[in-house]
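For reference, the structure discussed in these notes is given below.
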Amino acid sequence: MHKLALTAAAGLFAAATAASAQTILVSMKGPGAGNPFWAAVERGATEKAAELGVDVVVLSPPTESDVPAQIAQVEDQLAKGVDGIVIAPTDPNALAPVIEEAIADGASVVFIDTKGANEGVTYIGTDNQMGASLAANHICENVEAGADVAILQGIITQSTGKARADGSREGLSACGLNIVAEQTGEWDRAKGLAVMENIITGNPNLKGVFASNDNMGLGAIEALKNADMLDQVFLVGFDANPDAAESVLAGEMSATVAQNPYNMGAFGIESVMTLINGGTLDPVIDTGTVLVTMDNAEEFK
């Protein structure tokens, strides 16, 4: 065959291959640029998609509480004909109808990070209640029984927020600590700081804090510093993002619980492709947790 014809044929093959590539929406709860956790989820998804030859669209609402924005993004991508959806729902109940619509349209769906309300859809992520129990046990081992402690909650309408609140509450109560406050910082650092300031004002003898994510935990650390109380409060966060690991190494945050957000993104893409190709999945794929202290924080920087 003439060289020009070979080149043209190769071009047509490449175009056909590109045209047949599956498109997967990765719908995260928060922008990767603003949160190391979501940045890791995005990296895992995009790298796995490149490995598998899959097209990926990564979207997120402006904030983790902007439920209507996430619904609109998903609806828009469904209209464009995405083949699969990997989603961390901002509000599982509110997202349930659009997920049902996606499944009815033939799209394959998995949940990451936060379990959705739709029956039969695989959840890929952390056993958040177990991870929060791990944090609570660490506080129990380092704070005297009967002492005042507080919980900085995430968004409780999300399964993640509820599971972390439940796991920490059960663990802290079981060892005899006195939970004097449970308030939400909505996963946000500035709100974590403000909530911690309020808790400190009403509870000057506070000895321990569980922050349901590191963003709120780091905000709480700032509030404790400003109140000159950092030395008296044992604070454990959740996520083990790089800033939190640095804080642990600096002797500020006492510990944090590591998830594996990279695997959430990567396993999400891989699992959706399994479904698209006719395979089946377990109902839950646990990405695991580990306690991060001064001893191993260097690994999470």
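Using DSSP, restrict attention to beta bridges with both residues in the stretch 154-301 and report what percent are antiparallel, rounded to the nearest 5.
30 percent
Which whole-number percentage describes the relative contact order of the stretch 207-301, with Cα contacts under 8 Å and a sequence gap of 6 or more?
Values: 131 pairs, mean separation 28.1, N = 95.
Reported relative contact order: 30 percent.
How big is the stretch 103-191 along each principal axis, measuring the range of its Cα positions in Å and listing the largest first?
Principal extents (Cα only, largest first): 55, 26, 17 Å.
Among bridges DSSP assigns within the chain, what percent are antiparallel (round to 5)?
10 percent
Measure off, as a whole percent, the carbon and sulfur share of the 1.4 Å-probe accessible area of the chain, all protein chains present.
Ligands and nucleic acids excluded, carbon and sulfur reach 52 percent.
Remind me, relative contact order of the chain in percent, using alpha carbon pairs under 8 angstrom and six or more residues apart?
Details: 647 pairs, mean separation 57.6, N = 301.
Relative contact order of the chain: 19 percent.
Once you put a point 7 Å from the Cα of THR274 and another 7 Å from the Cα of ASP286, both along the Cβ direction, what distance in nm separates them?
So the two model labels end up 1.6 nm from each other.
Given the DSSP H assignment, sum -39500 (n - 2.57) over each helix run of at least 4 residues in the chain and divide by its residue total; what's the result at 222 nm in deg cm²/dmol, nearest 500?
-15500 deg cm²/dmol
Suppose we flag GluC sites (Glu not before Pro) only when DSSP calls them loop and at most 14 other Cβ atoms lie within 10 Å. Which is the longest uninterrupted stretch of the chain? Intermediate results must be reported in sequence, preceding the final value.
Working: sites that count: GLU119, GLU144.
Counting at most 14 other Cβ atoms within 10 Å as exposed, the longest clean stretch of the chain is 145-301.
With a 1.4 Å probe and every protein chain left in place, work out the accessible area per residue of the stretch 148-187 in Å², rounded to a whole number.
Per-residue accessible area for the stretch 148-187 comes out at 34 Å².
Using a cut-off of under 13 Å, list every residue of the stretch 138-152 whose amide N is near the label point 7 Å from the Cα of ILE179 along the Cα-to-beta-carbon line.
Residues 149-152 fall inside that zone.
Counting only heavy atoms of the protein chains, get the accessible area per residue of the stretch 221-299 (1.4 Å probe) and round it to a whole Å² value. Intermediate results must be reported in sequence, preceding the final value.
Details: 3450 Å² over 79 residues.
On a per-residue basis, the stretch 221-299 sits at 44 Å².
Got the relative contact order for the stretch 203-251 handy, in percent, Cα pairs under 8 Å and 6 or more residues apart?
For the stretch 203-251, the relative contact order is 46 percent.
List the residue ranges in the chain for DSSP H helices whose C-alpha atoms run 15 angstrom or more along the long axis and whose Kyte-Doolittle average is -0.5 or above.
Both cut-offs are met by 3-20, 36-52, 67-79, 92-104, 128-142, 189-202, 214-226, 261-276.
Let me check I've understood the local charge: for ASP148, count other residues with C-beta under 14 angstrom from its C-beta, Lys and Arg +1, Asp and Glu -1. What total comes out?
Neighbour charge sum, excluding ASP148 itself: -1.
Within the chain, how many Lys pairs sit with Cα atoms under 20 Å apart, leaving out pairs fewer than 8 places apart on the same chain?
Step by step, the pairs that qualify in the chain add up to 8.
The values are calculated or read from the model by the stated rules, or taken from the named source; none is laboratory data. Note that this is a predicted model, so its numbers are computed, not measured. Here Cβ is always computed from backbone atoms with ideal geometry, including for glycine, and neighbour counts include all displayed protein chains. For accessibility, only protein heavy atoms count, side chains too; no ligands or nucleic acids. Shrake-Rupley method; radii C 1.70, N 1.55, O 1.52, S 1.80 Å.
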